[in-house]
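S.K.: For reference, the structure I am asking about is given below.
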Amino acid sequence: MTSFASTAMTKKKPSDDDDALFRELMSDVKPLAAEPRITPAKARPAPRPRHDNPSVPASLGFVEREHASDINPEEALFFARSGLQQRLLRQLKRGELRPEARLDLHGYTIAEAGTRLTTFLTDAQGAGLRCVCIIHGKGYRSAEGRPALKTQVNQWLRDTPTVLAFSSTRPRDGGMGALYVLLRRP
């Protein structure tokens with residue numbers, strides 16, 4: 001006795017009669033004419049933002065601090081939140097944690113730099129990046145003769161909860177004009 005389940009589950013192979021019937025029914029069918037294919041134009045690269053982009057409001061970034069302590073252009077910066085492993089901090093200082101992304105703030109005003117830094121840190125943490133490099137410059141050519149951007153970035157990073165630590169970079173990565181920044185995992 002055959003059960004219903006065993007007969008319903010087996011595949012039936014088409015017989016020669018089925019193949020012949022199919023060919024007979026399809027004998028007068030003609031393939032559609034192929035339309036000429038159009039090759040798509042090469043994709044244009046995404047435009048790079050200009051330094052003087054007026055579409056980005058300055059209020060989206062960090063606010064300039066009037067009373068931030070002055071920093072020497074050649075002064076090494078270091079900051080770490082409490083509770084971090086000493087081994088991890090040594091690796092950060094030595095440049096052993098290679099930056100996964102870089103942000104160059106040369107040529108930006110403080111307002112523009114604040115906006116760019118906010119976006120960069122948000123995107124970096126959202127992407128799960130652990131270590132990034134921020135290039136702020138030494139400020140030798142600033143109007144006041146002091147490193148205004150370096151001073152502001154130092155203060156902004158200290159005030160950002162997603163920043164666990166930062167340290168001036170090794171000479172190969174910018175020396176006293178750049179920072180390795182260790183970010184909190186998302």
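Laboratory data are not the source of any read-out in this text; all were calculated from the coordinates shown. Quick caveat: nothing in here was measured; it's all calculated off a predicted structure. So basically every Cβ, Gly included, is an ideal-geometry build from the backbone, and we count neighbours across all protein chains shown.
S.K.: Which value in Å is the Kirkwood Rh of the stretch 127-166 over different Cα pairs?
M.R.: Result for the stretch 127-166 stands at 11.5 Å.
S.K.: Listed highest first by mean packing, meaning other Cβ atoms within 10 Å per residue, what order do 122-128, 156-162 come in?
M.R.: Going from most to least packed, we get 156-162, 122-128.
S.K.: Answer rounded, prolate or oblate for the stretch 77-183, using the Cα gyration tensor with square roots of eigenvalues a ≥ b ≥ c: rounded when a/c is under 1.5, else prolate when a/b is larger than b/c, else oblate.
M.R.: prolate
S.K.: Whole-Hz Karplus ³J(HN,Hα) for the stretch 148-155, in order, using 6.51 cos²θ - 1.76 cosθ + 1.60 and θ = phi - 60°, x for Gly and Pro?
M.R.: Going residue by residue, I get 5, 5, 4, 4, 5, 4, 4, 6 Hz, with x marking Gly and Pro.
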